[in-house]
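To start, the structure itself, in structure tokens.
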Amino acid sequence: MKYKRILLKLSGEALMGEQQYGIDSNRLIQYAKEIKEVAGLGVEVAVVIGGGNIFRGVQAEQVGLDRVQGDYMGMLATVINSMALQSALEKIGVYTRLLSGLNIQQVCEPYIRRRAVRHLEKGRVVIFGAGTGNPYFTTDSAASLRAIEIEADVVLKGTRVDGIYSADPEKDPNAVFYRNISFKDVFEKGLNVMDMTAFTLCKENGLSIIVFDMNTPGNLKRLVQGEEIGTLVSMDDLAETLKDTVNELQASDIPNKTDKN
């Protein structure tokens, strides 16, 4: 198995399926089955879900609400989605734990890193709800942070497209697909993979990201088994960075240590 522990990031919008709002039961069941199949292989699975199918914090200011209040509303939306996924998983026999960045004792355990890791070690699917528990941070940032904290091998970002393109493939038929790309190139090309906070967290901690099509049945399983599915964002630019650093040092006017003057 290529990956032992993964952090799966799902968007709230993906749960809508063909609907305009809310949760599509068929899509929810599909995701639950995909996760069960991977967990059955012995992979430790953690999940972060967005809340855009219900409410997004950035919408708050558009309707005259305070941004901070809106972000907390968005966090509660992620808890609703997390509870739905938990219920779907448990109905098909998967042991789960829902940990929340907000204190909601009636339905969620509080997020404690060591507890989350222990649940994963016991083979339970761990769902992280309520983002980081702080306003102004997206669920992408929550996914990156939780992945680093639990020492996940990779962040798998499930989307409705099959990877990263030079432009929106749904709008530009000439968009170029990237199978592998470095963090450096993503930044320089201005590609939209994650928000900058989430992206920087992964880059600085050497945590690879794979963007893939979650809506194609079997993709998640094939990915964790090592198939090249989607786009891998990694630290492939490390050697280039080291080379640039060496060249800069050689080109700089560094006094010779043997020069007595």
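Loop only per DSSP, at most 15 neighbouring Cβ atoms within 10 Å: give me the GluC sites (Glu not before Pro) in the range 129-219, ordered by residue number.
Details: sites: 149, 151, 170, 188, 204; in loops: 151, 170.
In loop regions of the range 129-219 (DSSP not H, G, I, E or B), the sparsely surrounded GluC sites (Glu not before Pro) are 151, 170.
Assuming R0 = 45 Å, what is the FRET efficiency of residue 2 and residue 136, from their Cβ-Cβ distance, to the nearest 0.05?
0.85
In whole percent, and with a 1.4 Å probe on the protein chains, what portion of the accessible area of the chain is carbon and sulfur?
49
Let me see the pair-distance distribution of the range 161-240: every alpha carbon pair, 5 Å bin width, integer percents in order.
Histogramming the range 161-240 at 5 Å steps yields 3, 15, 24, 24, 20, 12, 2, 0 percent.
Can you work out the accessible area per residue across the chain, with the rest of the protein chains kept in place, probe 1.4 Å, in square angstrom?
That works out to 53 Å² for each residue.
Starting from the range 109-157, pick out the trypsin sites (Lys or Arg not before Pro) whose DSSP state is loop and whose Cβ has at most 11 other Cβ atoms within 10 Å.
Counting only loop positions with at most 11 other Cβ atoms within 10 Å, the trypsin sites (Lys or Arg not before Pro) in the range 109-157 are 122.
When only C-alpha pairs under 8 Å and at least 6 residues apart count, what is the relative contact order of the range 1-86, in percent? Show your work: numbers first, answer last.
Numbers: 117 pairs, mean separation 27.4, N = 86.
The value is 32 percent.
With unit charges on the beta carbon (Lys/Arg positive, Asp/Glu negative), name the residue among 96, 80, 51 whose Cα is farthest towards the positive pole of the charge dipole of the range 1-100.
Working it through, the farthest residue towards the positive pole turns out to be 96.
When the convex hull of the Cα atoms of the range 1-97 is projected onto a plane and the area is averaged over all directions, what value comes out in nm²?
Over every viewing direction, the Cα hull of the range 1-97 projects on average to 6.7 nm².
Relative contact order for the range 36-92: what is it in percent, counting Cα pairs under 8 Å that are at least 6 residues apart?
Worked out over the range 36-92, it gives 33 percent.
Let's see if you can work this out: charge +1 on each Lys and Arg Cβ, -1 on each Asp and Glu Cβ, no other charges. What is the dipole magnitude of the range 83-161 about its Cα centre, in debye to the nearest 20? Walk me through the numbers before you get to the answer.
Numbers: 11 positive and 7 negative charges, 32 e Å.
Charge dipole, the range 83-161, about its Cα centre: 160 debye, nearest 20.
DSSP loop (so not H, G, I, E, B), at most 13 other Cβ within 10 Å: list which chymotrypsin sites (Phe, Trp or Tyr not before Pro) in the range 54-160 pass both filters. Walk me through the intermediate numbers first.
Values: sites: 55, 72, 95, 111, 128, 136, 137; in loops: 55, 95, 111, 136, 137.
Within the range 54-160, the qualifying chymotrypsin sites (Phe, Trp or Tyr not before Pro) (loop, at most 13 other Cβ atoms within 10 Å) are 95, 136.
To the nearest 20 Debye, how big is the dipole of the chain about its Cα centre, given +1 on the beta carbon of each Lys and Arg and -1 on that of each Asp and Glu? If you can, show how the numbers build up before the last one.
Values: 30 positive and 34 negative charges, 230 e Å.
Magnitude of the dipole: close to 1100 debye.
Find how much the distance from residue 179 to residue 68 grows on full extension, using 0.36 nm per residue of separation minus their present alpha carbon separation; answer in nm with one decimal.
Computed gain between residue 179 and residue 68 is 36.2 nm.
Rg over Rh of the range 68-200, using C-alpha atoms and the Kirkwood radius, what does it come to?
That ratio equals 1.02.
Determine the relative contact order of the chain: mean sequence separation of Cα pairs under 8 Å and six or more apart, normalised by residue count, in whole percent. Display every interim value, and only then the final one.
On the way: 483 pairs, mean separation 52.1, N = 261.
Normalised by residue count, the contact order of the chain is 20 percent.
Counting DSSP beta bridges in the chain, what percent are antiparallel, to the nearest 5?
Numbers: 5 of 34 bridges.
Of those bridges, close to 15 percent are antiparallel.
All other residues with a Cβ under 13 Å from the Cβ of residue 124 taken together, and with Lys, Arg as +1 and Asp, Glu as -1, what is their net charge? Mind showing how you got there, number by number?
Details: positive: 5, 36, 97, 115, 118, 122; negative: 44, 90, 109, 121.
Net charge around residue 124: +2.
How long is the gain from residue 216 to residue 103 if the chain were fully straight, where each residue apart is worth 0.36 nm and the alpha carbon distance is subtracted?
Contour length minus Cα-Cα distance gives 37.2 nm.
So what are the chain's ellipsoid semi-axes, whole angstrom, largest first, if each one is the square root of 5 times an eigenvalue of the alpha-carbon gyration tensor?
35, 21, 21
Which value, in debye to the nearest 20, gives the size of the charge dipole of the range 181-232 about its Cα centre, when Lys and Arg are +1 and Asp and Glu are -1 at the Cβ?
On the way: 5 positive and 7 negative charges, 16 e Å.
That gives the range 181-232 a dipole magnitude of about 80 debye.
The values are calculated or read from the model by the stated rules, or taken from the named source; none is laboratory data. Bear in mind that the values here come from a model prediction, so they are computed numbers and not experimental data. Here the Cβ is made from the backbone with ideal geometry for all residues, glycine too, and neighbour counts use every protein chain on show. When the accessible area is computed, the model is the full protein with side chains, heavy atoms only, and any ligands, DNA or RNA have been set aside. Shrake-Rupley method; radii C 1.70, N 1.55, O 1.52, S 1.80 Å.
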